[in-house]
Structures are given as structure tokens and as C-alpha cells.
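Student: Sharing a structure below in C-alpha cells format, with a few things to ask.
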Amino acid sequence: MAPSHAMPFLLYRAARCASLLLAVALCTGASRLVRPPVLDAPVASGANQAGPNAAALDAVWALEQEWLQAMRRGDTAVLRRLLSSDHIHVGTNGRLRHKSELLLALQRGQVRFLTYDVTSYDIRITGTAAIVSGTYHAQLERMGVREISQGRYLRVWVRDENGWRLTAHQLTAGTVPRGRP
């Protein structure tokens, strides 16, 4: 799908991301491997034994950890490398930010994470896309006001000739049970 005069560029990018998510949702069978969700504080537990996508699952898991550490530290240099050039971020309030806007907000201290923990996760690999979903809990300062945020997240990593890059990230705030059911 290419942008046209009738469709603003922002809608084109949102449609592109939605198309990717729809394609992933429609994939079934051997092309979709799932790492079982880990409840509580997830930690890397060694090599993934998920068949042909084991290396991709482990690479995405390592990048998820690198991204999480960079968000906790507000490390925009690392985030600049991890985020794709057309990265979009949808926050809990529905606000859409592009890569440059997100990095600028972190750089200026408009958003600062005091804690940021992933409490469960699931990684699905299909072709050159990795869909990571799960739950999170964070304490942050937004414009000097302390907040607690918890809910669900969805991140889309896309692999190209330069490796895996985070292309889309959406947060949905809500009450999420902690611990085992």
C-alpha cells in the first residue's frame, strides 16, 4: 500500500502497522512458534528450544531486555539504534508519537521511568516480524508528576538487512493481576 494524496501520511503508517498485525494474526501452523509466557519477573533461561526460530526468539528476547534497560535509564543513544526509522509509539492515553518525538520527550526529561518491569511476555515469530505481548508495571514521572502505570503491551519488531528493529509499540493501561493465577 503506498501513500496517496487522499490518505495523509500518518494514516498510511497506521494502516501499514495494522496490516502487519493482521498478517501476523492470520498466520498459523509451523510458521508461528510461541515461547510460553513467563509469569512474575521474567528472566532469560538459556537457549530456546523452539525449532527453526529458536535463534530469532532468543535474539528478540535479548533486544527486549536491551530496550527495557534503555527505557529505565532514558538512554536515547541505545533507543535510537533499536527503534526503526518509522517507529510509532501509542501511549496509555492514546497519544501517538514517532521515534523523534519519543526520544525528545525522554531526552528532555518530560517522561522518566523510576521503575519499568515486564511481568509476563509472549513472543511470536512469523517471517521477518516478531510480535511481543505481555503485561508491565512501571513507576514514572511525567512532566514532574509521579504516576504508576500497569497494563498490557504489544511491540512489533521487524527484521531487515540491518537486523531487528522495534517498529511499533502500544500500551494499554488497566488492572493486571500479578503473580500466578
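The values are calculated or read from the model by the stated rules, or taken from the named source; none is laboratory data. Predicted model only: the values in this text are computed from it and were never measured. Note that each Cβ is placed from the backbone with ideal geometry, even for glycine, and that neighbours are counted across all protein chains shown. We work out accessible area using only protein heavy atoms, side chains counted, and drop any ligands, DNA or RNA first. Shrake-Rupley method; radii C 1.70, N 1.55, O 1.52, S 1.80 Å.
Student: Could you pull out every one of the helices (runs of 4 or more DSSP H) wholly within the stretch 1-102 that has 2 or more residues that are open to solvent by less than 60 Å² (accessible area, probe 1.4 Å) and modelled with pLDDT under 50? Walk me through how you get there before you give the answer.
Tutor: Numbers: elements: 9-26, 54-73, 76-82.
So the answer is 9-26.
Student: Conditions first: (1) out of contact with any Lys or Arg (no Cβ under 7 Å at 6 or more places or on another chain); (2) among the charged types (D, E, K, R); (3) under 29 Å from residue 52 (Cβ atoms). Residue 124 passes all but one, so which condition is the exception?
Tutor: Answer for residue 124: the failing condition is (1).
Student: Please work out which residue is nearest to the chain's Cα centre (by Cα), limiting yourself to the stretch 110-162 and to residues that are at positive phi and open to solvent by 20 Å² or more (accessible area, probe 1.4 Å).
Tutor: Checking each candidate, the answer is 127.
Student: Would you be able to tell me the number of residues in the stretch 103-123 that are outside any helix (DSSP H, G or I) and farther than 13 Å from residue 149 by Cα? Break it down stepwise before answering.
Tutor: At the first step, the residues of the stretch 103-123 found to be outside any helix (DSSP H, G or I) are 108-123.
With farther than 13 Å from residue 149 by Cα added as a condition, the list becomes 108-110, 120-123.
Matching residues across the stretch 103-123 total 7.
Student: Let me ask you something else. Could you please find all residues in the stretch 127-149 being at pLDDT below 90 and among the β-branched types (Val, Ile, Thr)?
Tutor: Answer for the stretch 127-149, where residues must be at pLDDT below 90 and among the β-branched types (Val, Ile, Thr): just 145.
Student: If you don't mind, another one. Counting just the residues of the stretch 126-165 that are in a loop (DSSP other than H, G, I, E, B) and touching a residue at least 12 places away in the same chain (Cβ under 8 Å), which one comes out nearest to residue 59 (Cα to Cα)? Spell out how you get there, then give the answer.
Tutor: First, pick out the residues of the stretch 126-165 that are in a loop (DSSP other than H, G, I, E, B): 127-128, 143-144, 161-162.
Restricting the remaining residues to those that are touching a residue at least 12 places away in the same chain (Cβ under 8 Å) gives 127-128, 143.
Values: 127: 14, 128: 13, 143: 34 Å.
Of everything passing the filter in the stretch 126-165, 128 is nearest to residue 59 (Cα to Cα).
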